[in-house]
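Here the structure comes first, spelled out in structure tokens, and everything after it is commentary.
No value in this document is a laboratory result; all are computed from the given coordinates. Everything numeric in this text was worked out from a predicted model, so none of it was measured. Here the Cβ positions follow ideal geometry from the backbone for every residue, glycine too, while neighbour counts run over all protein chains shown.
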Amino acid sequence: MTKRIDPRYTEHLFRPIYEINTAATWAAGAVATPITSAVGSSISNLSIPLGISAGMACVAGYYGSKALPLLKRQMALTVNRKEFITSSELRKKNLVIPRFTGKLKKDPRNVYMGKGYIWGPEHAQRAYQVLDMDSTLSDVQLPFFLKPLVLMMARETEELGGSPWIHGMGDQKPISILENTLFGHTFISGNVGTGKTTLLRLMSVNALHMGNVLIVLDPKNDEDWKETIKKEMEYMGIGDQFYHIHPSRPHKSARIALLSNYTRITEIANRIAPLMGGQGSGKSFQDFAYGIIVHAARGLRYLNEPIRLTSLQKIIASDRRGLAMRVISRYYDETLGAGWHGRLDATLEKMNPDRLAAMAGYYLNVLSKEHPEKAVDGMIELALHDEGHYTKMVVSLRPVFTALTAEPLDELLSAIDTDDVDDERPVVDLAAIMDKGGCIYISLDSLTDAQSAGFISRLIMAELAAAAGDRYNNSTGTPRRVTIANDEVHASIENNDSILNLAAQGRAAQIQMILATQTVSDLESKTDPATAKRFLGLCNNFISMRTTDPTTQEYVSEQFSKTSISQSQTQVASGSSTDTSILEFNASYGERLMKTREDMFPKELLGQLPVLQYVARLADGRRLKMKLDVLINNDRDGERAPWVH
């Protein structure tokens, strides 16, 4: 039976460190013995005193080694400091050079996640012991020679905030995880300024080191995140595959043709119509919008014209009759031949002075019986719908298109890549990048236009879902892995089933997602509690920085389950009785040791985590307490990887 299983075992980590006093006494004796022997006696041969001194030094070293772990742990109760990792050190940990030079016989595909330890019952027991102490931890008295060091680190400890003792419950070491663990998708929560973006930077570079395609949706346009990725790609010799889409800097931004990747025409409507929102009575408006978008997109496809946000906006706003006339005219040309005008003009004039209505009527009464065409049916429904009712039903759809096609988004999101257009800004295609490699960094600029940023993020996720579905259905062999990093993901999940589909089925298409937001309540506010729980359930890795949201704290604590915590109870009683004698007196004393089931990671600790620290529940079953290293680039200007020629 091990000590920890023994119900009588109690760990005393925070007691006075008697061993240090013992070690100091023996060390003093080791120094004093040869000196006093040489000075105070006539012994010329010091071999005996030196031998005694050596023995005393060994004893001092023994007790010092016993004291050292306690010194480290008690020191960690009160001090904290930032830790850094350079880009070259991270490459060594991720085995980048042997992997890309072909010198790695067996690739473990491990990625570095920081320094920490597996949080277990012993750490929970220690945490509950500290929670029982006073706010200044006066029960723990550091040796006097460590107090100046504590004072030196006090400023940095204060800047990082929180309770540094939480990480001091265990012995940290570098932690790497298998990349396949991340294919269960990762959700990151944490208050503003606690280190979410720092963790996203690290995980983004890790993805590049694994050779993955990287898609980043950054709501804030974080310069450090962007530059870290860009410099790492330049080092790896793929800097020309970095594309930055930034609506606030359109003259420098790359462009993208959204809606270009789809398998069925209904996918176009599935992406746009939900952007309107629509609950209860509003659902009828969304359903109507879905139908007219399908008709407009089918008409454009029938004409072999690209389906763009700008073209759909123009059709729905003012050109539905124009599109209908072009579609029906082409149908007449294909069905009746080029000379149909001379044969039918008089007939059509008699049917209706409105040329479009006449052609539609002739199609419905005559041509559709032998040559039906869905595109024409849709155009008739779209163009000849009652104007008053149509205007009423699209009133919620028009703001969506207005936001997505206003300058400069009209050029950035509805890109035209032809020789006729004089524009040197690159046009990127999500499906092509996912196959060939590279990084698309999308700065959503949500601070200045939160509504458009939300629309864009949802459309990007829908486009990614379409590309994932296509590569799953049609890809031969194992496609390139894709990492999607989305900060403030609550803006992407609102009225968007595509991101849920990606989370549920993305792994089959070699897609892993890293999704971050501040709290679980953010998800619930944009969806509903059931959808938020489903979303969290699809993320097999859960990481939490400091959070003060009760719902998030409760969820994180549940991920660590419960454990048995030892509790001691002391009972003292005394009394006297005058029934038999005035001198009669009785007293009792008792101690009782018991165990209760408590949260393995107390949820109140989540509100006390210092900056750059997190807890994690991983898909491989581990529960970790981690400290995050800040990644800094130490490459020389123009430095490239050894495999780049």
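Once the Cβ-Cβ distance of residue 104 and residue 68 is raised to the sixth power relative to R0 = 35 Å, the FRET efficiency obtained is 0.40.
Could you state the angle between the C-alpha long axis of helix 550-559 and the longest principal axis of the C-alpha atoms of the chain, as a value from 0 to 90 degrees rounded to the nearest 10? Long axis of 550-559 versus the principal axis of the chain: about 70 degrees.
Can you give me the long-range amide H partners of residue 629? Hydrogens built in the peptide plane at 1.01 Å from N, cutoff under 5 Å, separation of 5 or more residues or another chain. Long-range HN contacts for residue 629: 115. Summary value for the range 18-177: 31 percent relative contact order, contacts being C-alpha pairs under 8 angstrom separated by 6+ residues. Calculated FRET efficiency, residue 329 to residue 266, Cβ-Cβ distance, R0 = 22 Å: about 0.30 to the nearest 0.05. Annotation for residue 92 and residue 406: the two label points, set 7 Å from Cα along the Cα-Cβ direction, are 5.2 nm apart.
Cβ crowding within 10 Å ranks 515, 536, 430 as 536, 430, 515, fewest other Cβ atoms first. Residue-wise HN-Hα couplings along the range 613-625, as the Karplus relation 6.51 cos²θ - 1.76 cosθ + 1.60 with θ = phi - 60° gives them from phi, are 10, 8, 10, 9, 10, 9, 5, 7, x, 6, 10, 10, 10 Hz; Gly and Pro carry x. Between the amide H of residue 428 and those of 255, 256, 257, distances stay under 5 Å, these residues lying 5 or more places away or on another chain, with hydrogens modeled in the peptide plane.
Here the peptides 148-159, 246-257 are ranked by packing, the mean other Cβ count within 10 Å, and the order with the highest first is 246-257, 148-159. Contact order for the range 258-414, expressed relative to its length and based on alpha carbon pairs under 8 Å spaced 6+ residues apart, stands at 31 percent. Label separation (residue 240 vs residue 144): 6.9 nm, computed from points 7 Å beyond Cα along the C-beta direction. Note on residue 336/residue 470: beta-carbon distance plugged into 1/(1 + (r/R0)^6) with R0 of 41 Å gives a FRET efficiency of 0.65. Taking Lys and Arg as +1 and Asp and Glu as -1, the other residues whose beta-carbon sits under 13 Å from that of residue 550 total -4.
Take the Cα of residue 173, step 7 Å toward its Cβ, do the same at residue 133, and the gap between the two points is 2.5 nm. Rounded to whole Å, give me the distance from the Cα center of the range 195-231 to that of the range 376-404. Result: 40 Å between the Cα centres. Computed from Cα atoms, the angle from the helix 529-538 axis to the main principal axis of the chain rounds to 70 degrees.
Tell me the Kirkwood radius of the chain: reciprocal of the mean inverse pair distance over distinct alpha-carbon atoms, in Å. If you can, show how the numbers build up before the last one.
Working: mean 1/r = 0.0334 Å⁻¹.
So the Kirkwood estimate lands at 29.9 Å.
Rank these for me by crowding, 601, 285, going from fewest to most other beta carbons within 10 Å. Walk me through the intermediate numbers first.
Details: 601 27, 285 19.
In increasing order of surrounding Cβ atoms, one gets 285, 601.
Here the 3J(HN,Hα) profile of the range 436-449, calculated from phi with Karplus coefficients 6.51, -1.76 and 1.60 at θ = phi - 60°, is 8, x, x, 9, 10, 10, 10, 8, 7, 6, 6, 5, 8, 8 Hz, Gly and Pro shown as x. Entry note, the chain: the mean residue ellipticity at 222 nm calculated from DSSP H runs of n ≥ 4, each adding -39500 (n - 2.57), is -14000 deg cm²/dmol after division by the residues and rounding to the nearest 500. Shown for 58, 539, 439: other C-beta atoms within 10 Å of each C-beta, ranked fewest to most, produce the order 58, 539, 439.
Taking every DSSP beta bridge that has both ends in the chain, the antiparallel portion is near 50%.
Here the 3J(HN,Hα) profile of the range 202-219, calculated from phi with Karplus coefficients 6.51, -1.76 and 1.60 at θ = phi - 60°, is 4, 6, 5, 5, 4, 4, 4, 5, 7, x, 7, 6, 10, 10, 10, 10, 10, x Hz, Gly and Pro shown as x.
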